[in-house]
Every structure is written in C-alpha cells, then in structure tokens.
1. So the check is Cβ under 6 Å with 6+ separation or different chains; which pairs have a first residue in the range 46-68 that's in contact (Cβ under 8 Å) with a residue 60 or more places away in the chain and a second one that's in a loop (DSSP other than H, G, I, E, B)?
2. Quick check: is even one residue across the range 9-17 more than 15 Å from residue 98 (Cα to Cα) and in contact (Cβ under 8 Å) with a residue 24 or more places away in the chain?
3. Residue by residue through the range 93-110, note down the ones that are modelled with pLDDT of 95 or more and among the basic types (Lys, Arg).
4. (1) without any contact (Cβ under 8 Å) to a residue 12 or more places away in the chain; (2) under 20 Å from residue 40 (Cβ atoms): which one isn't true of residue 120, the others all being true?
5. I'd like the full set of residues that are out of contact with any helix residue (DSSP H, G or I) (no Cβ under 8 Å at 6 or more places or on another chain) and in a loop (DSSP other than H, G, I, E, B), limited to the range 106-122.
6. Take residue 8 and decide whether it is crowded, with 19+ Cβ neighbours inside 10 Å and either modelled with pLDDT under 95 or not basic (Lys, Arg) (or both).
7. Does residue 22 fit the bill of being over 13 Å from the mean Cα position of the chain (by Cα) and of a type in the set (Val, Ile, Thr)?
8. Is at least one residue of the range 70-77 closer than 23 Å to residue 113 by Cα and out of contact with any helix residue (DSSP H, G or I) (no Cβ under 6 Å at 6 or more places or on another chain)?
Amino acid sequence: MYEGITGIKTIFEDILKTKQDIKGYGNTHLMIELLEHYVPSYIKKRIEEKIFFQLLTEPSQNSRNMQKEDKKSFRETRFIKQLQTISTATYIYGNKVAIITLLKKEPLGILIENEEVSKSQRTLFNILWENAEK
C-alpha cells in the first residue's frame with residue numbers, strides 16, 4: 001500500500017521502471033488535479049522511454065483536448081462517460097495492476113504484482129476498450 005502523494009508518485013516511477021506498455025482507466029480530471037505538478041514530467045519521461053499508453057477516460061473538454069495530442073504523446077485515448085463519476089484510476093502494466101484513489105484528502109495506491117490478476121484486468125480493459133467512444 002502506498003499512501004499520500006509521495007506514495008502515488010512511487011507507483012508512477014515503478015510504471016516507468018517497468019518500461020512496458022500501459023493500459024489505464026479512470027478520471028483524468030481528478031488525476032491531473034491531484035498531481036498537477038508531477039503529471040507533465042511523468043508524461044515526458046514516459047514518452048522518452050517510448051512507453052505506449054492506452055487510456056480510457058471521461059469525455060470532458062480537457063480530455064478531448066488531450067486526445068488531440070495522442071500521437072505526439074505516444075498514447076491512444078478513448079472515452080467512457082461513466083468514468084466521470086469514479087474517483088479512482090487503474091493502471092495495468094507488465095504483471096502488475098495499480099489502483100489509485102484520486103481524492104486529495106486521502107490519496108492511496110495499491111499495487112498488485114500477480115500474472116493472473118494482470119491478465120484478467122487486461123482482458124476486462126480490452127472489452128471496455130472495444131466498446132469505448134473514439
């Protein structure tokens with residue numbers, strides 16, 4: 001378990017260290033609000049490492065603007081309206097699944113390192129991906 005902003009950053013550094021493509025879903029608005037000073041440097045490092053990111057997020061004006069930068073940002077974004085009501089983000093990479101609460105009051109991250117869990121989460125992500133708005 002990873003607590004606080006420092007703990008959440010530790011998870012993101014692990015994502016970079018793993019150097020494998022990422023599948024993620026969650027509320028981008030809340031993530032940027034929680035880590036507004038960290039997100040730009042994380043994205044820059046992810047691009048430098050050529051780690052591709054498939055993102056499912058809420059269809060807000062900000063996320064649609066972000067989608068316009070997908071090619072340059074080594075990312076593909078799709079939308080699911082219901083994600084605007086959740087306050088967590090999930091990242092699947094390598095044999096790991098990270099679940100992060102996006103509340104400023106109590107940010108918390110859980111990292112599961114298990115091949116079967118990551119495989120199952122990847123399958124569920126792909127089902128959502130195929131049905132998401134482009």
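The values are calculated or read from the model by the stated rules, or taken from the named source; none is laboratory data. The model shown is predicted, which means the values in this text are computed figures rather than measured ones. Cβ coordinates were reconstructed from backbone atoms using ideal geometry, including for glycine residues, and neighbour counts include every protein chain displayed.
1. Close Cβ pairs (under 6 Å, with a partner that is in a loop (DSSP other than H, G, I, E, B)) amount to 56/80; 56/132.
2. no
3. Selection gives 96 alone.
4. Single failed check for residue 120: (2).
5. Correct list: 106, 114.
6. Spelling it out, residue 8 is indeed crowded, with 19+ Cβ neighbours inside 10 Å and either modelled with pLDDT under 95 or not basic (Lys, Arg) (or both).
7. Spelling it out, it is not the case that residue 22 is over 13 Å from the mean Cα position of the chain (by Cα) and of a type in the set (Val, Ile, Thr).
8. The answer is no, given that none of the residues of the range 70-77 is closer than 23 Å to residue 113 by Cα and out of contact with any helix residue (DSSP H, G or I) (no Cβ under 6 Å at 6 or more places or on another chain).
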